[in-house]
Amino acid sequence: MTDTNIALHRTNKVLLVYTGGTIGMGKNQTTHALEPLDLHHLVANLPELKQVETSIEVCQFHTPIDSSNMNPDVWAGLCRIIVENFERYDGFVILHGTDTMAYTASALSFMLENLTKPVILTGSQLPIGQLRTDGKENLVTSIELASLCNSEGFPMVPEVCIYFNGKLLRGNRSTKQNADGFAAFDSFNYPHLCDAGVNFNFHHHHILKPNYSKPLVAHYAFDSNIVVFSLFPGIQEHIVRHVLAAPELKSIVMRSFGSGNAPQQPWLLQLLSEAGKRGVVVVNISQCVSGSVEMSLYGTGVQLFEAGVISGYDSTVEAATTKLMHLQGVYKDAEKVRQMMNQSLCGEITINH
């Protein structure tokens, strides 16, 4: 619940953080190869940014990384940048490669507890220097969204988001849907937070309402002893057995059929049950991009529930994976992790009671 008696200090500044990715690439005039641009130079020479009514400061990774190489150490670095600069800026824009952007957005949503300012991730499908680039619009709009506040001075979108191709999405609800189209991202199980056309159309009742009286709490610990696997017709017992027998394994994101169904194979249920008894947390999410797991709907889902598998509800694979990593970093007790997986920490799942 928002405490409107708390005055927020506005700085009229946005921090632009460049991690890497297509948006910040330029063509070397000698070799014609794509290579990272100097973002300070880019911001200074992009006419569109001069019209944005906020100051823009740049923080650039010394060595930009391909987003395929994203990992929890980089997430911790991003989290530190935000925490250390939190009071100096009204919002943050992170330029990121598209391949793992939804993972990073999901991870940051769990790492930044009690977030009260916008953290918007964006990128592009074409480098910003190319004629038909989508990067300019994505960048300019993200900066504007990160700087906007309401009449009381509170941010319009105080949560971790992805902005792409006219759509502002909750970060932990987003997934990459297209490898080569400009509409690269969508949130299939949650409405857009804002649609950017001629005007901004904010959907206020879908935006998180933080408690501004609580301080920002950062969580840096991640435990990545997780496996994600999809069920499929013909899945083999000996392969699943080897995967589940790994002594380091702490949790499984199991992508099941439809609304949470699995093959009625006694060996599969037995292996999942044995893993659960060893303290391995098994989370059931759907392979479908839209819809929710309802394990009470069909007999196959009920059997999974009886084997100790818990529902991932309507979670994306990115959110389920990073949430488990986060919870395992915070809690050592598997039962506590199971309990917290059944709660919405920052709007990542819909639980209908």
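The values are calculated or read from the model by the stated rules, or taken from the named source; none is laboratory data. What you see is a predicted model, and the numbers here were worked out from it, not measured in a lab. A quick note on method: Cβ atoms are made from the backbone with ideal geometry, for glycine too, and the neighbour counts reach across all protein chains shown. For accessibility, only protein heavy atoms count, side chains too; no ligands or nucleic acids. Shrake-Rupley method; radii C 1.70, N 1.55, O 1.52, S 1.80 Å.
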#### Entry: Within region 298-353: Cβ-based charge dipole about Cα centre, in debye rounded to nearest 20 (Lys, Arg +1; Asp, Glu -1)
160
### Task
Output the Kirkwood hydrodynamic radius of region 237-297, Cα pairs only, in Å rounded to one decimal.
12.3
### Query
Under unit Cβ charges (Lys, Arg +1; Asp, Glu -1), what dipole magnitude, rounded to 20 debye, does the chain have relative to its Cα centre?
300
### Query
Cα centroid distance between region 242-310 and region 73-110, in Å?
31
### Task
Compare the peptides 126-136, 87-97, 303-313 by average per-residue count of other Cβ atoms within 10 angstrom and give them in order, highest first.
87-97, 303-313, 126-136
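Compute, for region 54-150, the length of the dipole vector about the Cα centre, with Cβ point charges of +1 (Lys, Arg) and -1 (Asp, Glu) only. Units Debye, rounded to 20. Walk me through the numbers on the way to the answer.
Working: 5 positive and 11 negative charges, 21 e Å.
Value, rounded to 20: 100 debye.
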### Query
Counting pairs of alpha carbon atoms under 8 Å apart in space and at least six apart in sequence, what relative contact order in percent does the chain give?
15
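Using only the heavy atoms of the protein chains and a 1.4 Å probe, how would Lys176, Lys50, Lys117, Lys332 rank by accessible area, largest first? Walk me through the intermediate numbers first.
Details: Lys176 55, Lys50 140, Lys117 20, Lys332 165 Å².
Descending accessible area places them as Lys332, Lys50, Lys176, Lys117.
Suppose accessible area is computed on protein heavy atoms with a 1.4 Å probe; arrange Lys167, Lys323, Lys214 from highest to lowest. All intermediate terms of the calculation are to be shown ahead of the outcome.
Numbers: Lys167 30, Lys323 5, Lys214 105 Å².
Solvent-accessible surface, decreasing: Lys214, Lys167, Lys323.
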### Task
Choose one of Ala102, Leu231, Thr116: the residue whose Cα lies farthest towards the positive end of the charge dipole of the chain (beta-carbon charges +1 Lys, Arg; -1 Asp, Glu; about the Cα centre).
Leu231
### Task
Give a residue-ordered list of calculated ³J(HN,Hα) values for region 229-239 (Karplus: 6.51 cos²θ - 1.76 cosθ + 1.60, θ = phi - 60°; whole Hz; x for Gly, Pro).
9, 9, 6, 7, x, x, 4, 9, 4, 5, 6
### Query
Based on the Cβ-Cβ distance from Asn114 to Ala221, what FRET efficiency comes out when R0 is 25 Å, to the nearest 0.05?
0.90
### Message
As a test of reading the structure, rank Cys194, Cys59, Cys288 by solvent-accessible area (1.4 Å probe, protein chains only), most first.
### Response
Cys288, Cys59, Cys194
### Query
Amide H to amide H under 5 Å from Asp314: which residues, 5+ apart in sequence or cross-chain, H placed 1.01 Å off N in plane?
Val293, Thr350
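Once a ≥ b ≥ c are taken as the square roots of the eigenvalues of the Cα gyration tensor of region 300-342, is the result rounded (a/c under 1.5), prolate (a/b larger than b/c) or oblate (a/b not larger than b/c)? Intermediate values should be presented prior to the final figure.
On the way: a/c = 2.99, a/b = 1.40, b/c = 2.14.
Oblate, because a/c is 1.5 or more while a/b does not exceed b/c.
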### Task
Select from Asn150, Asn114, Asn71 the residue whose mean-square fluctuation is largest in a Gaussian network model of the chain (Cα-Cα springs shorter than 10 Å).
Asn150
### Task
Any chance you could get the radius of gyration and Dmax over the Cα atoms of region 168-293, in Å?
19.3, 57
### DSSP beta bridge pairing in the chain, given as percent antiparallel to the nearest 5
35
